[in-house]
1. Set Lys and Arg Cβ to +1 and Asp and Glu Cβ to -1, take the dipole of the stretch 153-298 about its Cα centre, and tell me which of 198, 258, 181 lies farthest positive.
2. For n ≥ 4 DSSP H runs only, could you compute -39500 (n - 2.57) per run for the chain, divide by its residues and tell me the 222 nm figure to the nearest 500?
3. Applying a 10 Å radius around every beta-carbon, put 204-211, 70-77 in order of their mean neighbour count, most first.
4. According to a simple spin-label model (label point 7 Å from Cα along Cα-to-Cβ), what is the distance in nm between residue 296 and residue 10?
5. First measure r as the distance between the Cβ atoms of residue 136 and residue 238, then evaluate 1/(1 + (r/R0)^6) with R0 = 35 Å and state the FRET efficiency to the nearest 0.05.
6. Report the rotationally averaged projected area of the chain based on its alpha-carbon convex hull, in square nanometres.
7. Helix 267-278: angle to the longest alpha-carbon principal axis of the chain, degrees 0 to 90, nearest 10?
8. Using label points projected 7 Å from each Cα along Cα→Cβ, tell me how many nm separate residue 173 and residue 215, to one decimal.
Amino acid sequence: MAFGDAYLTCPLTDGDLPAELWGSETLAIDLAGGPYQFSGLVPAQAGWVQARFQSLCGAVSEVPAPVSTTIHRLPESAFREIDTRGWVYTFDRDYHPERLCLAGWGFLAEIRFEPGLRGRLWTCRTDLERFAGVFENFFRVLVAYRVMQSGGVLLHSAAFARDGRAQVVFGRSGAGKSTSSRFALNAGWEVLSDDMNALLPDPWQVEKLPFAGDLGQTPSRSRAYPIAGLRWLQQAATHAVRPMSGTLALARLLVCAPVVNEDPFRVDGLLHNLTNLLGHASAETLDFARDPGFLSLLDPDH
């Protein structure tokens, strides 16, 4: 199946894609690697973005933003109707040396990497519920590449902080990232996110993002903490922390770096960043018995 066939009624090339913007609203979202500027929104779309990201939304600066995206109209007839019953949603990705193309339910997008990071997003979505899904999916990919360009990694992980340092736990879906985050929250730790975290260098730290899983979204101002440890989370009968080889740690981190880890033109840059990370933060395996006792292994002084 060719790129976009699952979502588009017919193939679309650059010449087929309209330049018309949805509206005239522009706003900026300030988080890791940003601010991220979005132009071409109608007032209702801009209102949703402001409500969703709250204090992270700021005034548009006269200085060009490091990452900018324009939002364009594409008629509903360009997209297939989809029966979502029992459907596991994933969007198509088409990797190129100079750009990444995305196609999904009700949207088409591209991210260009030179000069700077520039996005274009086409959608037919007028209802805010579906527009929200389109915007979130695209924005997460945009952040992943911007963080990678900044020397870091957007990691599918949970992170929780205490005494000015953060523990980052990562693992396969169902390993217990949200469950461990809930235990940490109940024990008085600050949970940054139970789903996606930005790990950035100089010095290496984890920055809070407004992308969360079961614990809900957290659109508060970003805060960053030095990384106290990286823990590969896996379920077990008893709690334990065990050493992990650097090679295995690199492979496991790579698995948890979505979208970029499958990009044949930029995965080497990601591997460079992860190798740098492992030179500054220890990585271990955390056996997790799904009770709060594991926290004493991460922070023996409490």
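1. Positive-most Cα among the choices belongs to 181.
2. Details: 6 runs with 69 residues, N = 302.
One gets -7000 deg cm²/dmol as the mean residue ellipticity at 222 nm.
3. Values: 204-211: 22.2, 70-77: 16.2.
Put in order of decreasing packing, that is 204-211, 70-77.
4. In this crude label model, residue 10 to residue 296 measures out at 6.8 nm.
5. On the way: r = 37 Å, r/R0 = 1.07.
The formula returns an efficiency of 0.40 here.
6. Values: hull surface 66.0 nm².
Taking the Cα atoms of the chain, their convex hull projects to 16.5 nm² on average.
7. 30 degrees
8. Output for this residue pair reads 2.1 nm.
Any read-out appearing in this document is the output of simple, stated calculations on the displayed coordinates, not a laboratory observation. Since the model is a prediction, treat every value here as computed from it, not as a measurement. FYI the Cβ positions are ideal-geometry reconstructions off the backbone, even for glycines, and counts take in every protein chain you see.
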